[in-house]
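Below is one structure, written out as structure tokens; the observations come after it.
The values are calculated or read from the model by the stated rules, or taken from the named source; none is laboratory data. Not measured: the values here are computed from a predicted model. Here the Cβ is made from the backbone with ideal geometry for all residues, glycine too, and neighbour counts use every protein chain on show. Ligands, DNA and RNA are stripped out before the accessible areas are found, and what is left, the full protein with its side chains, is counted by its heavy atoms. Shrake-Rupley method; radii C 1.70, N 1.55, O 1.52, S 1.80 Å.
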Amino acid sequence: MSTHILDINQGKPASGVPITLYQWNPEKEEFEEAGSEKTDENGRIGNFLPSTSSKEGIYKLKFETLSYFNNQHITSICPYIEVVFRIEGKGHYHIPITLSANGYSTYRGN
């Protein structure tokens, strides 16, 4: 499972953004933290889930965008962004966002 952020205001990757991955625990009926990293200079996190673990389930990525925009002296309506998705089967899941100060979009990439 991987992710990246493209800042469409600047037309370049968003580096240094903290992102936390959560996995849904159906027994507790809540999300539990599964990992946390920052995007690299290319705006990417390449491998959030170890290949040895079972990946199926419901997950959430929380993109902490407030500090990213504050560092640019830009006001944003999005202090953070949460994207919830389901992993089924053994395929690779790439969940990126395109980001601006006033919105975002997401999709399943490859």
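Data table
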| item | result |
| --- | --- |
| Given charges at beta-carbon only (K, R positive; D, E negative), |dipole| of the chain in Debye | 320 debye |
| Simple label model, 7 Å out from Cα along Cβ direction - Glu32 to Thr98, nm | 3.7 nm |
| Within the chain, helix-based [θ] at 222 nm, where runs of 4 or more DSSP H residues each add -39,500 (n - 2.57), nearest 500 | -1000 deg cm²/dmol |
| For Pro13, net neighbour charge (Lys/Arg +1, Asp/Glu -1) across residues whose Cβ lies under 15 Å away | -1 |
| Point-to-point label distance, Arg108-Gln72, nm (Cα→Cβ direction, 7 Å offset) | 2.9 nm |
| Protein accessible area in the chain, 1.4 Å probe - carbon and sulfur % | 45 percent |
| DSSP-loop GluC sites (Glu not before Pro) across segment 1-82, with at most 15 other Cβ within 10 angstrom | Glu27, Glu29, Glu41, Glu56, Glu64 |
| Pair Asn9, Asn47: separation of 7 Å Cα→Cβ label points (nm) | 3.4 nm |
| Sequence-distant lysines (8 or more away, or on other chains) whose Cα lies within less than 22 Å of Lys12 | Lys38, Lys62 |
| Selection from Asn42, Thr65, Phe85, by position along the positive dipole direction of the chain (Cβ) | Asn42 |
| Average accessible surface area per residue within the chain, 1.4 Å rolling probe, Å² | 58 Å² |
